[in-house]
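Notes follow once the structure below has been shown.
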Amino acid sequence: MGDRVYFFDTTLRDGEQSPGFSMNAEEKLEMARQLARLRVDVIEAGFPISSPGDLEAVQLVAREVRGPVIAALARANQKDIEVAWEGVKYAERPRIHTFIATSPIHMEKKLRMRPDQVLEAAREAVRFARNLCDDVEFSAEDATRSEVDFLCRVFEAAIKAGATVINVPDTVGYATPEEFGELIRTLIERVPGMDRVIVSVHCHNDLGLATANTLSGLRAGARQVEGTINGIGERAGNVALEEVAMALYTRRDVYGLSINLDTTQIYRTSRLLCAITGIDVQPNKAVVGENAFAHEAGIHQHGVLQDRRTYEIMTPESIGLPTNKLVMGKHSGRHAFRKVLDDLGYSLSEEEINRTFARFKELADRKKRVEIEDIVTLVEEELHVAPRVYQLEYFHVTTETRGTPLATVVLTRGGQEFKETASGDGPVDALFAAMNKIAGEQPQLVDYTVRAVTGGSDALGEAVVKLRDGNELAIGRASSTDVLEASAKAYIHALNKLLERRKAWMVAASSWNKEG
Ligand code: KIV
Ligand code: ZN
């Protein structure tokens, strides 16, 4: 066993399948491209049998993203495995990841299978997958609540059938670090052939122990870590990859393990996921939370001013968060702006720089001091461009105590102007109602939030709007120093996505009809 740890990212599968985090194919592709920049070793792009949309997303990622292995999940049956293969077969380095549960409760209550049937299904699934693909990972779901003797037999069968990676999931986040490390040690000692495969750990965070369990598994000899960015995932989430990476990096004196991840891409990857899903991490989240490198208490500030190492065990730069104290304001030129983008690790085209710089100038006119977080917000919006079906031209809102708020909105579409007025329960409700009138749509407003990107009364406000139309969920985001403007733009962002997706469906349906 070498000292290299492989990072297997399942943000687009285990992360994406949890409530509120679903992504469409383009969003998955955008995220996968960033994961490749982060230099993860494996991207699990989805669970293709779960829906035609997920199959399409996995195919897109497999075709477009070079560098990491692209994996797809399949239950231990032929149909699932065939569809998973359809998803990844065009990848530069494809992997099929097949799994079956091995704990008594899962076998009896969920699968309604006897242990010998489960063992046979595991063996057959791996054999079948190996006929299609050279790289096959096998997972024993709920491994930590399985009987160890049985687990050893299942893993042995999977290895004999050709598995290249053996994954040990703590599916329900039940294990303690000591137990989990011991389990990995036992499996490595007892399962014949375990030294020829990569042993992987996959920890959920139900008891807040996912990072500790993962590190314990690595100390015991595992060499692949499965997890997600920001720790998103089922229930309390999966292990946060950025936490494992920074623990291995910061405490390499203890672990002595090497990683290929470019840790300076961590901050950007985390921000992109927030931008795509519309869900922020908690401020005190380890590594990527807003406060992770902030020092508020006087005594801490004093120490940090003398020497940052008094209260900082890792540098903000090591995760790609520049502490560049260049003051950015309305007199800052292109050169300084470009330097901030470079420091942040963005490589934008000339056209994207031009557009972002123009927005930066607009912002600097309204806000005295533009902070790094403001610039990140502008760039993420620029890179995450929405389809431009409708655009906001003008709005006017009137509101008073005990009066009914009224909003007049002008939107353009294809060069044509549309104007409507509507009332609402509040100014934002009136704005949204006027835009619905123009578009002739009534999407359900699932969520609406506004937050200040930085402090101060001239702070950039960022609005996030989630709209649902049937099964389609779209997230819109926009920022402005005027929260009503940010809200209107975020609403249009989401609405445009819904309209674009409907158009894409109609085009696909009409071509199926022609073919049929
Ligand atoms: O948590 C789990 O057991 C899983 C498997 C499918 C690997 O996500
Ligand atoms: Zn999982």
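The values are calculated or read from the model by the stated rules, or taken from the named source; none is laboratory data. These numbers come from a predicted model, not from an experiment. No Cβ is skipped: glycine too gets one built from the backbone with ideal geometry, and neighbour counts run over all protein chains shown.
Only residues that are under 15 Å from Pro169 (Cβ atoms) and either in contact with a Cys (Cβ under 8 Å, 6 or more places away or on another chain) or within 11 Å of ligand 2 (Cβ to nearest atom) (or both) were counted in the stretch 207-245, giving 14. Residue-level analysis places Thr102 outside the set of residues that are touching an Asp or Glu at 6+ places or on another chain (Cβ under 6 Å) and among the β-branched types (Val, Ile, Thr).
Could you pull out the residue among Gly231, Gly193, Gly256, Gly208 that is outside the structural domain of Thr310 (by TED's automatic domain parsing) and crowded, with 23+ Cβ neighbours inside 10 Å? Reasoning before the result, please.
Values: Gly193 fails: crowded, with 23+ Cβ neighbours inside 10 Å; Gly256 fails: crowded, with 23+ Cβ neighbours inside 10 Å; Gly208 fails: crowded, with 23+ Cβ neighbours inside 10 Å.
Step by step, each of Gly231, Gly193, Gly256, Gly208 is checked, and only Gly231 is outside the structural domain of Thr310 (by TED's automatic domain parsing) and crowded, with 23+ Cβ neighbours inside 10 Å.
Every condition in (1) within 16 Å of Ser480 (Cα to Cα); (2) buried (at least 20 other Cβ atoms within 10 Å of the Cβ); (3) without any contact (Cβ under 8 Å) to a residue 60 or more places away in the chain holds for Lys361 except the one numbered (2).
Of all residues in the stretch 257-279, those satisfying the criterion of being under 18 Å from Pro316 (Cβ atoms) and not in a helix (DSSP H, G or I) are Leu261, Asp262.
Residue check: is Ala474 in a strand (DSSP E or B) and either of a type in the set (A, V, I, L, M, F, W, C) or farther than 21 Å from Leu406 by Cα (or both)? Spelling it out, Ala474 is indeed in a strand (DSSP E or B) and either of a type in the set (A, V, I, L, M, F, W, C) or farther than 21 Å from Leu406 by Cα (or both).
Counting the residues of the stretch 233-262 that are out of contact with any Lys or Arg (no Cβ under 6 Å at 6 or more places or on another chain), more than 16 Å from ligand 1 (Cβ to nearest atom) and of a type in the set (D, E, K, R) gives 5. When the stretch 119-139 is filtered for residues that are out of contact with any strand residue (DSSP E or B) (no Cβ under 8 Å at 6 or more places or on another chain) and crowded, with 18+ Cβ neighbours inside 10 Å, the ones remaining, listed by number, are Leu119, Arg123, Phe128.
Can you name every residue in the stretch 1-32 that is within 13 Å of ligand 2 (Cβ to nearest atom) and of a type in the set (S, T, N, Q)? Residues satisfying the conditions are Thr10, Thr11, Gln17, Ser18. Being exposed (fewer than 13 other Cβ atoms within 10 Å of the Cβ) and under 30 Å from Asp425 (Cα atoms) is a property that does not hold for Glu350.
In the stretch 178-193, is there at least one residue being within 16 Å of ligand 2 (Cβ to nearest atom) and either in contact (Cβ under 8 Å) with a residue 60 or more places away in the chain or in a helix (DSSP H, G or I) (or both)? Yes: one or more hits.
If the condition is being within 16 Å of ligand 1 (Cβ to nearest atom) and either without any contact (Cβ under 8 Å) to a residue 24 or more places away in the chain or among the hydroxyl-bearing types (Ser, Thr, Tyr) (or both), then the stretch 129-177 contributes Ser139, Thr144, Ser146, Thr164, Thr171, Tyr174. The condition of being farther than 23 Å from Leu215 by Cβ and more than 16 Å from ligand 1 (Cβ to nearest atom) holds for Met31. One residue stands out among those in the stretch 196-205 that are within 16 Å of ligand 2 (Cβ to nearest atom) and under 27 Å from Lys160 (Cβ atoms): the one that is surrounded by the fewest Cβ atoms within 10 Å (Cβ to Cβ), which is Ser200.
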